[in-house]
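Contents: one structure, followed by commentary.
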Amino acid sequence: MSLTQRISKHFQDSAQLKLTLRDELSKPIAAGAQAMFDCLTSDGKILVCGNGGSAADAQHFAAELINRFEIERPSLAAIALTTDSSVLTSIANDYDFSQIFSKQVRGLGMSGDLLLAISTSGNSGNVVEAIHAAHEREMTVVALTGRDGGGMGKVLEPGDVHICVNATSTARIQEVHLLALHCLCDVIDHLLLGDE
């Protein structure tokens, strides 16, 4: 296989997975966007967490809400729990890496807020702990996972939303996660402003 054929296959695989999952994921993405809209319009905020590429996705999503997505609108309340190196390293050093997000959720989260929890495997221990903390704080959880949803899928409660990308390739899951995040941004803007 040539390099160009190899690259072409990545494009084909990514596009095919997105088309395959389009109908399956549309409903939970819509439910997640509605939950976020309800949170934001009730003076709540969205806390977002994940590790590695999912940490980058958390920051990306928070930036789209705080700044803007594709149309001008007021800032929306979102905080990526992945960005404060002093908080992350102090918690990991003094306690345990598994608590780097849950301690922030307990400190920043309030009833009516929402946690967007991202993990391609669904098995990130610190993200699972963040979900537990969110439930303690009476927050709704939107979980963005892959494969079979892993441990995250098992701890979700009624009223939470699970957007699970049923695939095995981490790269492909991350690509669909990015599309799902953009869909969430778009639907939130649509619910806020209509078809502008």
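The values are calculated or read from the model by the stated rules, or taken from the named source; none is laboratory data. Since the model is a prediction, treat every value here as computed from it, not as a measurement. Ideal geometry is used to build each Cβ from the backbone, glycine not excepted, and the neighbour counts take in all protein chains shown. Note: accessible area is taken over every heavy atom of the protein model, side chains too, but ligands, DNA and RNA are not part of it. Shrake-Rupley method; radii C 1.70, N 1.55, O 1.52, S 1.80 Å.
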If you bin the C-alpha pair distances of the chain every 10 Å from 0, what whole percents do you get?
-> 9, 37, 35, 15, 4, 0
Between MET110 and ALA31, Cβ-based FRET efficiency (R0 35 Å, step 0.05) works out to 0.95
Cα-based Lys pair tally, the chain, threshold under 23 Å, eight or more apart or on separate chains | 6
Checked the stretch 118-187 with the C-alpha gyration tensor, a ≥ b ≥ c its square-rooted eigenvalues, rounded below a/c of 1.5, otherwise prolate if a/b is larger than b/c and oblate if not; verdict oblate
Would you work out what percent of the accessible area of the chain, with all protein chains in place, is carbon or sulfur (probe 1.4 Å)?
-> 52
Rounded, prolate or oblate: which fits the stretch 1-77, taking a ≥ b ≥ c as square roots of the Cα gyration tensor eigenvalues, rounded meaning a/c under 1.5, else prolate when a/b beats b/c?
-> prolate
Principal axis dimensions, largest first and in whole angstrom, of the stretch 76-115 by Cα | 31, 17, 12
In the full protein assembly as shown, how much of GLU175 is accessible to a 1.4 Å probe, in Å² to the nearest 10?
-> 60
Can you tell me the order of 111-121, 82-92, 163-173 when each peptide is scored by its average per-residue count of other Cβ atoms within 10 angstrom, highest first?
-> 111-121, 163-173, 82-92
Mean-position separation - Cα centroids, the stretch 69-100 and the stretch 1-37, in angstrom | 27
About its Cα centre, the stretch 13-141 carries a charge dipole, from +1 on Lys and Arg Cβ atoms and -1 on Asp and Glu Cβ atoms, whose size in debye to the nearest 20 is 100
Once all protein chains are kept in place, LEU192 shows an accessible area at probe 1.4 Å, nearest 10 Å², of 70
Computed on alpha carbon atoms, what radius of gyration and Dmax characterise the stretch 63-178, expressed in Å?
-> 14.6, 43
May I ask you to compute the full-extension gain from ASP43 to ASP23, defined as 0.36 nm times their residue separation minus their alpha-carbon distance, rounded to one decimal in nm?
-> 4.1 nm
